[in-house]
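A quick write-up on the structure given underneath.
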Number of protein chains: 6
Amino acid sequence: MNILIINPNTSEHMTAKIRAVAEATKRDDCEVTIICPARGPVTIESSYDEAYAIAPTIDLIKQANEEDYDAIILACFCDVGVEAAKEISSVPVFGLEETTLSIALLLGSKFGIMTEKRPRVAMKELHVRRHGLLERMASIRPLELSVAELDTNPEGTKAAGMALARRMVEEDGAEVIIMGCAAMAGYSDDLERELGVPVLDPVKVTLKVAEAMVDMGVTHSRLGLYAPPTPKEFK
Amino acid sequence: MNILIINPNTSEHMTAKIRAVAEATKRDDCEVTIICPARGPVTIESSYDEAYAIAPTIDLIKQANEEDYDAIILACFCDVGVEAAKEISSVPVFGLEETTLSIALLLGSKFGIMTEKRPRVAMKELHVRRHGLLERMASIRPLELSVAELDTNPEGTKAAGMALARRMVEEDGAEVIIMGCAAMAGYSDDLERELGVPVLDPVKVTLKVAEAMVDMGVTHSRLGLYAPPTPKEFK
Amino acid sequence: MNILIINPNTSEHMTAKIRAVAEATKRDDCEVTIICPARGPVTIESSYDEAYAIAPTIDLIKQANEEDYDAIILACFCDVGVEAAKEISSVPVFGLEETTLSIALLLGSKFGIMTEKRPRVAMKELHVRRHGLLERMASIRPLELSVAELDTNPEGTKAAGMALARRMVEEDGAEVIIMGCAAMAGYSDDLERELGVPVLDPVKVTLKVAEAMVDMGVTHSRLGLYAPPTPKEFK
Amino acid sequence: MNILIINPNTSEHMTAKIRAVAEATKRDDCEVTIICPARGPVTIESSYDEAYAIAPTIDLIKQANEEDYDAIILACFCDVGVEAAKEISSVPVFGLEETTLSIALLLGSKFGIMTEKRPRVAMKELHVRRHGLLERMASIRPLELSVAELDTNPEGTKAAGMALARRMVEEDGAEVIIMGCAAMAGYSDDLERELGVPVLDPVKVTLKVAEAMVDMGVTHSRLGLYAPPTPKEFK
Amino acid sequence: MNILIINPNTSEHMTAKIRAVAEATKRDDCEVTIICPARGPVTIESSYDEAYAIAPTIDLIKQANEEDYDAIILACFCDVGVEAAKEISSVPVFGLEETTLSIALLLGSKFGIMTEKRPRVAMKELHVRRHGLLERMASIRPLELSVAELDTNPEGTKAAGMALARRMVEEDGAEVIIMGCAAMAGYSDDLERELGVPVLDPVKVTLKVAEAMVDMGVTHSRLGLYAPPTPKEFK
Amino acid sequence: MNILIINPNTSEHMTAKIRAVAEATKRDDCEVTIICPARGPVTIESSYDEAYAIAPTIDLIKQANEEDYDAIILACFCDVGVEAAKEISSVPVFGLEETTLSIALLLGSKFGIMTEKRPRVAMKELHVRRHGLLERMASIRPLELSVAELDTNPEGTKAAGMALARRMVEEDGAEVIIMGCAAMAGYSDDLERELGVPVLDPVKVTLKVAEAMVDMGVTHSRLGLYAPPTPKEFK
């Protein structure tokens, strides 16, 4: 099978990190292609960044639907553009956030989300409320590191993530930890070993779910929320 | 005071209708300017349409913040781009949807939303859940008319709206009706007179709230959900 | 336009403070009249106090409906009598609490409410639950000052409010602060400047919303929750 | 033990009906006294009616606390004044509505409430939301009979109640029916026999719970929501 | 009346303690019989323990329905088997947990639950969510004592319970404390006296409610959740 | 990899059907073993049936943990024993219900569940509430066929399922249909083709998710809800 992973930001470095995780995670019978848009922000840390990432990302989705992919993954934990992508895709589309939340529900009573910076906490909570999953949320806590720092200082990121995850488990009742940023990819195994709770790397989780759903031949609903858009004039 | 109203779609006809309502609604001491982007979809009826409407809209928001406006209104009931707009605006920004929902809470126990077409029902319900207001929602029902039809067939629109609103009141327990589409602007008074419940025209409601908030000198929070974005490279 | 503000307690001092805020807040084309009942408690800090404040307040509402007012404001953050008032009023009635909560939703992801004393926290939370808005509440925290103290010690009140509001922002995730007591009127601008988040004075907010709604000509629903009462014998 | 039942309306006829049910329901070791205020509305069907019923009712509560009662029941399904009554009572106070809802939770997955007239549906739903029990509510449906009719036409009331309850069971999933009006007292056994689900008469349920709680020696919390009011001047 | 209390674990010591509380609590006209299964775990502290306690408990329920009991109490705060028991019982069945939660709603705005050990916190919260009562929950806090310790060290248990309950009241806003373990039976009066809030002993509460419901002649619904099982082959 | 599927009922016929679906669904590198207990009910349609199915099922879970399985599936849509199984398993355990609900969240805004008979509707809704997923549920509707009929009348089952699913889509807003009974396995593809929405066969979905999770090496949390039980005496 062929799975396309679109990193909605324009960082080649981040795209390469996602590629490394995906290559190490994928099944042998799965080919993964990882791309990112040519235009748009190099990291996505705000709704403003999302506003400029979404159209280039949807352009890639359109193009992908004319090629031979079995599934598409939007590899940003913000799930930017995931509804629009599903509206125009006949192959299944999976956002990192929605997929990781769904799997977290299976692994423990409540999940905790590590995010980058304090202002993203409110946005993440809005997303959880949007998904109707607030009753399963233990907490969302910020690493207070920039995405750039996360990207360049792996040891500091790992140590900060460890301390934060421990606090979420012991104080907030989190039974599953979600590493809520594609840039944090790569440290989940170490964290899991030390904490004794599942630590979910959204890229890994989403790729495994995508492979499984392709196997099963299921696609998202084309009635209702993801109904194909009515054709119309675009100026 | 000066209020800028941005119609996020590119329909000059719709922009003119919004202008007519705004001019008829505004206070004498309020100047309103109504604009729309040069690029993007002529109507916004899907997440796909939103994906291409948002960046041109945010471009207008950026430009507006360098001019002399006291408040900005995003005049689409989908509130496309409203979080991004608030992040970059030092003047208050009001979306039609969020503002009309807030005012509806004051006028009755439960609100009903009329929307255009069936697929938008799921999206509207998602928005209400996102705002944490599901317990105050009576129902969302579709007119099953295209935005184009709404735009060109005023009598049919009005009759369909009347029948639908009556059903929401009598069967669903709606005590306030929200006309969930900027294109439906202009019929609220007639509907209200016949139904005996408030019928809210989002453009009117939002303009009155914006004027009031400008008077009061309040702006949205700049911590948390609407924190200004970190500067970064855009490719 | 003519707006009547009823202070449901019998404190002339508090009534004068509300008058001062209202006079400083109102539009030039708005006349405000501020009155309070002759009978009833001098402050309203409990359901018991409310029980004796409500009938004299509703008497004033009845009288007001025979006079020439365009809107009525019930100027206690407990919203005592607001449903009964709406049932018998053909002009719009606004409670401080309901109106300020509605506007707070527009200004940030979550609101925090400052109240007087610890026992009022449970009552305030009951009100927020009653309005179906728990998902948007960050916290309710008590100043632990009596209404009398709030009334006579402005500096202490302001300092206590500042410290408390800061805690609500930093620890609880409040993005908007509501000063949950009419007696706290007058300090919102200073607090806002220091905290960097909107600090809502319910009297100001409600008066501005009332003016805007009068402009718009909207009245609360007369079907359902606020249906006019059936005439009957009163012994 | 001695239990005082206060009918908050001023109808001697209704008071007598409550007395008959209470006398037939009470344990042998329980003395019940049923009274009603001298002033106030003869029926309570609106918030307006409640506004004038509450002070006379609380007067009776105060007086009762100086006498030798072991518990007090507020015998209106609207629970008018129940928070104020608990604030000033050292003996337990039980409202019909709160008590019947609590017991209904034990007897089936979801409850349905029969109420008098359509406008009361919104108020009842507000009460259920206030109690945080919406997830256990099947429906609230109106008999569309006035309290006076309920009072004078027992056969019609019974037949209408039967048809309505059947609809709530079969269409709405109600597994327990609550007769949401003190005036409907007396028909629960017949309804129960025909429907095959529990049909709760609030006066019966509340009296049995009150007896049990007196036996147990438990009183409502005096911290938080029901904290005793601060003494103050009443004009 | 005759009430059967089934302790679902196999501890004779615990059964004797429940018997002592029940004998001291019951009315003179009530005979109580307290039994426990011959097989199964000596304490129930996990879902695993429940898995082996449930069939022996349901065997006792079946047998009890052929004898002359007026009501059955399942005397474990986990309510193990309570749905199955109701499905096959023509007499009312009461679980400690469901009954105590229902009564707690009447006594204060929010309840706090003391449980044995940290892992039970997640299970208790699941139960509260299952009952749809999360909005009324202040907190669940663990004593961090084993059921065995609770059973053998009464002074330590009482002191730990006191400190924990105080914290739940002062920090979490609990207005009612539920002693969420049958083994804690016996200390509620002392705790209540010192804390000033109701402290509910589930055995006492449930026995009093059961007596009251037998008096009233009400049984749980036999449609829906508790519908009698279809007869079938058991291997 | 080796996956064990335990059918918690004792029907060899049902076990064979699950085996057929699993064999047709599994990956080539996955060995599936399908077993059922020797004792217990032949179908599980009530809490009573569950009470007698759970211990034999947990016995099989214990035994499986001493063998060489990579994951265990509990193949009943009631998820009987799933918490107990997770408590004692070092390999991941997946219930059909929890897994299918999680995947349904990814495929549409709201899910609908087809169940066997009317009384199971209340139980299913209880399960959805327990999972905190009520806001994502469109409806639960009963086929009104016995599990035995489902088992022996495939054409009737399929036709009834088709009509019911269509109603859930058109009237209730379901965008994903869950076939809430292991016995309905085998018809999902046909239904999906005709309805145009995903129709999830829980056995298929859960097997694909289990394979994916084994690939990823993730196990459920061993802190909190699924903490290993304390060793103790079993009589």
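The values are calculated or read from the model by the stated rules, or taken from the named source; none is laboratory data. Note that this is a predicted model, so its numbers are computed, not measured. Quick reminder, even Gly has a Cβ in these numbers, built from the backbone with ideal geometry, and neighbours come from all protein chains shown. The protein model used for the area step is the full one, side chains on, heavy atoms only, and it has no ligands, DNA or RNA in it. Shrake-Rupley method; radii C 1.70, N 1.55, O 1.52, S 1.80 Å.
Could you say whether any residue in segment D:213-226 is over 27 Å from C:L126 (Cβ atoms) and either free of Cβ contacts under 8 Å to residues at least 60 places away in the same chain or not β-branched (V, I, T) (or both)?
yes
Does segment F:120-134 include one or more residues that are facing another protein chain (nearest Cβ under 7 Å), among the basic types (K, R) and part of a helix (DSSP H, G or I)?
Yes, some residue in segment F:120-134 is facing another protein chain (nearest Cβ under 7 Å), among the basic types (K, R) and part of a helix (DSSP H, G or I).
I'm trying to understand the selection: among the residues of segment F:66-85, which are closer than 16 Å to F:L223 by Cα and more than 15 Å from the chain's Cα centre (by Cα)?
Of everything in segment F:66-85, just one residue is closer than 16 Å to F:L223 by Cα and more than 15 Å from the chain's Cα centre (by Cα), namely F:A84.
Among the residues of segment A:211-224, is there at least one that is more than 9 Å from every other protein chain (Cβ to nearest Cβ) and of a type in the set (A, V, I, L, M)? Don't jump to the end; show me each part of the working.
Narrowing segment A:211-224 to residues more than 9 Å from every other protein chain (Cβ to nearest Cβ): A:214.
Those left that are additionally of a type in the set (A, V, I, L, M): A:214.
Yes, that holds for at least one residue.
Restricting to segment B:176-235, and then to whatever is small (G, A, S) and under 30 Å from A:E116 (Cβ atoms), can you tell me which residue is surrounded by the fewest Cβ atoms within 10 Å (Cβ to Cβ)?
My answer is B:A227.
On the basis of being open to solvent by 40 Å² or more (accessible area, probe 1.4 Å), more than 30 Å from E:A227 (Cα to Cα) and not aliphatic (A, V, I, L, M), does F:E12 make the cut? Explain how you work it out, then say what you get.
Details: open to solvent by 40 Å² or more (accessible area, probe 1.4 Å): yes; more than 30 Å from E:A227 (Cα to Cα): no; not aliphatic (A, V, I, L, M): yes.
So F:E12 fails the test.
Picking from A:E116, A:E31, A:E50, which residue would you name as being under 15 Å from A:M179 (Cα atoms), among the acidic types (D, E) and open to solvent by 10 Å² or more (accessible area, probe 1.4 Å)?
Working: A:E31 fails: under 15 Å from A:M179 (Cα atoms); A:E50 fails: under 15 Å from A:M179 (Cα atoms).
Checking each option against the conditions leaves just A:E116.
Consider segment E:138-175. How many of its residues are of a type in the set (G, A, S), surrounded by 14 or more Cβ atoms within 10 Å (Cβ to Cβ) and away from chain D (no Cβ under 14 Å)? Give the derivation first.
We begin by selecting, within segment E:138-175, every residue of a type in the set (G, A, S); these are E:138-139, E:146, E:148, E:156, E:159-161, E:163, E:165, E:173-174.
With surrounded by 14 or more Cβ atoms within 10 Å (Cβ to Cβ) added as a condition, the list becomes E:138-139, E:146, E:148, E:160-161, E:165, E:173-174.
Narrowing the set further to residues that are away from chain D (no Cβ under 14 Å) leaves E:146, E:148, E:160-161.
Adding up the residues that qualify gives 4.
Given the conditions (1) within 12 Å of chain A (Cβ to nearest Cβ); (2) of a type in the set (S, T, Y); (3) within 30 Å of A:K110 (Cα to Cα), which single one is not true for F:S188?
(3)
Tell me, yes or no, whether segment E:109-116 has at least one residue that is of a type in the set (F, W, Y), in a loop (DSSP other than H, G, I, E, B) and more than 8 Å from every other protein chain (Cβ to nearest Cβ).
Going through segment E:109-116, the residues of a type in the set (F, W, Y) turn out to be E:111.
Then keep just the ones that are in a loop (DSSP other than H, G, I, E, B); that gives none.
Looking through segment E:109-116, none of the residues is of a type in the set (F, W, Y), in a loop (DSSP other than H, G, I, E, B) and more than 8 Å from every other protein chain (Cβ to nearest Cβ).
Can we say B:A104 is small (G, A, S), modelled with pLDDT of 95 or more and either touching a strand residue (DSSP E or B) at 6+ places or on another chain (Cβ under 7 Å) or under 30 Å from C:L225 (Cβ atoms) (or both)?
Spelling it out, B:A104 is indeed small (G, A, S), modelled with pLDDT of 95 or more and either touching a strand residue (DSSP E or B) at 6+ places or on another chain (Cβ under 7 Å) or under 30 Å from C:L225 (Cβ atoms) (or both).
Quick one: which residue in A:K204, A:K235, A:K208 is out of contact with any Ser or Thr (no Cβ under 6 Å at 6 or more places or on another chain), within 11 Å of another protein chain (Cβ to nearest Cβ) and basic (K, R)?
Every option except A:K208 fails the conditions.
Please pick out the residue among D:A38, D:A16 that is among the small types (G, A, S) and either in contact with a Cys (Cβ under 7 Å, 6 or more places away or on another chain) or in a loop (DSSP other than H, G, I, E, B) (or both). Quick ask: steps written out before the conclusion?
Numbers: D:A16 fails: either in contact with a Cys (Cβ under 7 Å, 6 or more places away or on another chain) or in a loop (DSSP other than H, G, I, E, B) (or both).
Only one candidate qualifies: D:A38.
When E:A210 is evaluated against the numbered criteria (1) within 30 Å of D:A22 (Cβ to Cβ); (2) part of a helix (DSSP H, G or I); (3) out of contact with any Phe, Trp or Tyr (no Cβ under 6 Å at 6 or more places or on another chain), which criterion, by number, is the only one it fails?
Here E:A210 meets the rest and fails (3).
Among the residues of segment F:91-108, which ones are assigned to a helix (DSSP H, G or I), aliphatic (A, V, I, L, M) and more than 7 Å from chain A (Cβ to nearest Cβ)?
F:L96, F:L101, F:A104
Quick one: how many residues across segment F:35-46 are within 7 Å of another protein chain (Cβ to nearest Cβ) and either at positive phi or open to solvent by 10 Å² or more (accessible area, probe 1.4 Å) (or both)?
6
Checking D:I88 against (1) in contact with a Phe, Trp or Tyr (Cβ under 6 Å, 6 or more places away or on another chain); (2) more than 7 Å from every other protein chain (Cβ to nearest Cβ); (3) open to solvent by 30 Å² or more (accessible area, probe 1.4 Å), which single condition isn't satisfied?
With (1) in contact with a Phe, Trp or Tyr (Cβ under 6 Å, 6 or more places away or on another chain); (2) more than 7 Å from every other protein chain (Cβ to nearest Cβ); (3) open to solvent by 30 Å² or more (accessible area, probe 1.4 Å) applied to D:I88, the lone miss is (2).
Taking B:D59 as the residue in question, decide whether it is under 16 Å from A:A55 (Cα atoms) and surrounded by fewer than 24 Cβ atoms within 10 Å (Cβ to Cβ).
yes
Among the listed residues D:D79, D:D68, identify the single one that is assigned to a loop (DSSP other than H, G, I, E, B) and open to solvent by 40 Å² or more (accessible area, probe 1.4 Å).
After applying the criteria, what remains is D:D68.
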